[in-house]
Amino acid sequence: MIRRLIAHHRYMREHRWTHAHLSDYIDEGLDSGHTARVQDHVGICPDCHRVLATLRRTLEGLRALRTEPSPGVAGGVIERLRKAP
Amino acid sequence: MRRAGPEQEAALVERAQEGDRAAFEELARRHADRLYAVVLRFVADPEQAQEVTQEAFLRAWRGIGRFQARSRFFTWLYRIGINEAKRHAARRPPVEVVSLDDEPIPEAPDWSEAPETRADQAELRGVLERAIRGLPIEYRAPIVLRDVEGLSTREAAEVMDLGEAAFKSRLHRARLAVRRTLDEYFLEVGP
């Protein structure tokens with residue numbers, strides 16, 4: 001019983017830590033030890049596995065929102081600058 | 001954003017600081033379109049975004065003497081643009097706010113492998129646009145700068161005048177909130 005409680009406590013600690021570091025993991029901002037820590041937990045936690053996979057897909061969608069340059073904008077800015085006292 | 005070499009840009013900034021309007025106009029040509037794209041995420045419509053972008057450049061021109069070369073010109077300019085956009089946004093009634101609750105919805109499907117038709121992509125784009133717009137500005141800015149506009153973490157943190165750790169924490173919360181919005185969407189329509 002105590003062993004099971006300790007194991008659950010460890011699991012939840014890793015769960016919270018992993019959840020808080022998924023962006024750093026995706027952005028490759030973790031050192032090798034912490035990267036392995038995320039990978040170990042994601043390997044056994046279906047929730048974190050799903051959040052990681054859907055977070056990656058979310059970021060793909062966000063990157064695709066970048067719009068094409070709007071070439072007319074600079075002209076308006078320059079005109080305004082020239083009119084300013 | 002057209003990224004000129006840092007030396008070339010530094011020379012233009014230096015000339016602008018000496019009062020050379022043509023040098024500042026060249027800086028405007030290089031950065032106006034991307035600043036406009038950022039501002040557009042904070043204001044109601046393209047017309048207002050034009051106005052805010054112009055106002056930001058005017059403020060930058062008037063304050064160019066205070067610019068210090070320890071930061072990049074465009075990060076300084078973006079900060080002015082976002083502050084100007086915030087002032088405009090504060091005058092408007094708030095839009096529907098996205099919850100910053102970052103807990104995954106337990107029964108939500110795994111939509112990471114969901115196939116996308118062109119129509120799905122357009123709808124998903126709309127869901128993402130609304131989710132970003134629903135974030136409080138302090139959380140919207142990191143996601144716009146880092147994930148949509150593609151600035152590095154260091155550059156985006158500099159624009160927001162935050163340390164990298166604080167910036168990353170906000171970015172992560174914002175990303176999770178947007179991801180959760182998609183959980184809600186796929187829970188409704190199915191993956």
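The values are calculated or read from the model by the stated rules, or taken from the named source; none is laboratory data. The structure presented is a predicted model; accordingly, all values stated were derived computationally and were not measured. Positions of Cβ are backbone-derived with ideal geometry, glycine not excepted, and every protein chain shown enters the neighbour counts.
Put simply, of B:ARG29, B:ARG15, B:ARG41 the only residue that is on the phi < 0 side of the Ramachandran plot, crowded, with 23+ Cβ neighbours inside 10 Å and either assigned to a helix (DSSP H, G or I) or more than 8 Å from chain A (Cβ to nearest Cβ) (or both) is B:ARG41. Take the residues in the stretch A:21-65 that are assigned to a loop (DSSP other than H, G, I, E, B) and surrounded by 14 or more Cβ atoms within 10 Å (Cβ to Cβ); name whichever of them is nearest to the other protein chains (Cβ to nearest Cβ). Residue satisfying both the conditions and the ranking: A:LEU65.
Okay, residues lined up against (1) without any contact (Cβ under 8 Å) to a residue 40 or more places away in the chain; (2) buried (at least 23 other Cβ atoms within 10 Å of the Cβ):
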site	(1), (2)
B:TYR139	yes, no
B:ILE143	yes, yes
B:THR153	yes, no
B:ALA166	yes, no
B:ARG173	no, no
B:VAL178	no, yes
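Residues in the stretch A:66-85 that are of a type in the set (D, E, K, R), facing chain B (nearest Cβ under 7 Å) and in a helix (DSSP H, G or I): how many? Looking only at that region, the number is 1. Sub-7 Å Cβ pairs linking a first residue in the stretch A:30-44 that is over 18 Å from A:TYR11 (Cβ atoms) to a second residue that is at pLDDT 95 or above and of a type in the set (A, V, I, L, M, F, W, C), at least 6 apart or interchain, are A:LEU30/A:VAL38, ordered by first then second residue. Restricting attention to the stretch A:7-20 and to residues that are surrounded by 15 or more Cβ atoms within 10 Å (Cβ to Cβ) and in contact with a Lys or Arg (Cβ under 8 Å, 6 or more places away or on another chain), the residue that is farthest from B:ARG179 (Cα to Cα) turns out to be A:GLU14.
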